[in-house]
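Reading through the structure tokens given below for one structure.
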Amino acid sequence: MKIDVIIPVYKPGQELFELLGMLAKQTVPVQNIIIMNTEEKYFQQLVYGRRFLQEYKNVRVFHLSKKEFDHGGTRRRGVRKSDADIFVMMTQDALPADERLIEELTAALKDKTAVSYARQLPAPNCRETEKIARLFNYPPKSRIKTAADIQELGIKTYFCSNVCAAYRRDIYEELGGFPGHTIFNEDMIYAAGAIRAGYAVAYEAKARVIHSHNDTCIELFRRSFDLGVSQAQYRQVFQGISSESEGKKLILETSRILWRDHIPWKLPGFYIQCFCRYAGYLLGRRYEKLPRKWVLAFTANKEYWER
């Protein structure tokens, strides 16, 4: 089985070299690493003075402009440049926690499993509330999800993350791949389609990457706005399944842990972050009713609206 890794990149830093170094150490080898880089000048600044393609012989780099970037479309282009049986989607800021990431992730692609995604661990500098969120969304126990789980799991049945996820090429082609033009959420849209088609989505807790953010309230608002837009644009995918219930569970769990750990002074800041997330999400769900200048002010991806 040939395995490729596809990484959309924008303004890369040292973390990209760390990622490539860990991919080279995997117990299951990677055939090609396909980098879909946005804006060539930033990539050239990073590798200036290095013989990059000589040092990383299995890396292939393709450049596109910022106006061309699309969460679904760019990944579709990356897949077309691969001939692998399995391809792994990653982001530039996801670092394999060990040498068994690819092995564990791809081993989960058996029977009728279309995609498997990895557990995300918090970075050492991650704030407390983000650590709790990582544990809430990425618990230590693996799970296979099918349509039979919708009643129990709701929106989490479709949950999947292209921060680190492996896809079977045969099923991907059968289902038509990622949406060609989407502002966000291409991974969940694909996973939902796979589950509706009778396939399964695997959460593989033994496949681990270090990945977390300490986003500002504005960044949380904009990210949530784009999430709301994606759900509004794909109503047929998310219709009848509430995202708000999962948000409420996370708020209750975070509040419980902060009280338990005797750090309740972190709660006000956390509640403000939750308000920003929810406000952004609600506005995104109703983006069609907003003035265009508001949409451009709220989104994290202005170029999307210019296409």
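The values are calculated or read from the model by the stated rules, or taken from the named source; none is laboratory data. All values reported here derive from a predicted model rather than from experimental measurement. Every residue, glycine among them, receives a Cβ derived from its backbone with ideal geometry; neighbour counts consider all protein chains shown. Surface areas here come from the heavy atoms of the whole protein model, side chains and all, with no ligands, DNA or RNA. Shrake-Rupley method; radii C 1.70, N 1.55, O 1.52, S 1.80 Å.
A few remarks follow.
- Extending 7 Å from Cα along the Cβ direction at Glu99 and again at Val28 yields two label points whose distance is 1.6 nm.
- Taking every protein chain into account, the 1.4 Å probe leaves Glu40 with about 90 Å² of accessible area, to the nearest ten.
- Span from the region 26-105 Cα centroid across to the region 225-286 one, whole angstrom: 31 Å
- Sulfur and carbon atoms: percent of accessible area, the chain [1.4 Å]: 54 percent
- Expected 222 nm ellipticity per residue - DSSP helices of 4 or more, -39500 (n - 2.57), all of the chain, to 500: -12500 deg cm²/dmol
- For the chain, the solvent-accessible area works out to 48 Å² per residue, with a probe of 1.4 Å and every protein chain left in place.
- Extending 7 Å from Cα along the Cβ direction at Ala147 and again at Gln54 yields two label points whose distance is 5.6 nm.
- Free-standing Cys, the chain [no other Cys Cβ under 4.7 Å]: Cys126, Cys160, Cys164, Cys274
- Taking a span of 30 Å or more along the helix axis (Cα atoms) and a mean Kyte-Doolittle hydropathy of at least 0.5 as the rule, no DSSP H helix of the chain qualifies.
- Between Glu15 and Ala107, the FRET efficiency from the beta-carbon distance, with R0 = 35 Å, is close to 0.85.
- Since only Ile86, Ile132, Leu101 are under comparison, the one whose Cα sits farthest along the positive direction of the charge dipole of region 59-138, derived from C-beta charges on Lys, Arg, Asp and Glu, is Ile86.
- The residue among Met188, Thr113, Val237 whose Cα reaches farthest toward the positive pole of the charge dipole of the chain, with charges on the beta-carbon of Lys, Arg, Asp and Glu, is Val237.
- Take the Cβ atoms of Asn125 and Phe275, set R0 to 22 Å, and the FRET efficiency comes out at 0.35.
- Dipole moment magnitude, nearest 20 debye, the chain about Cα centre, only Lys, Arg, Asp, Glu C-beta charged: 480 debye
- 5 angstrom amide H check on Glu39, placed H, neighbours 5+ away: Leu64, Ser65, Lys66
- The dipole here belongs to region 75-127: it is taken about the Cα centre, uses +1 on the Cβ of Lys and Arg and -1 on the Cβ of Asp and Glu, and is about 420 debye.
- Taking the chain and dividing mean pair separation by its residue count, relative contact order in percent (alpha carbons under 8 Å, at least six apart): 21 percent
- The candidate values are [x] 19.1, 55; [y] 18.9, 62; [z] 20.8, 83; the one derived from this structure for Rg and Dmax of the Cα atoms in Å carries the label [x].
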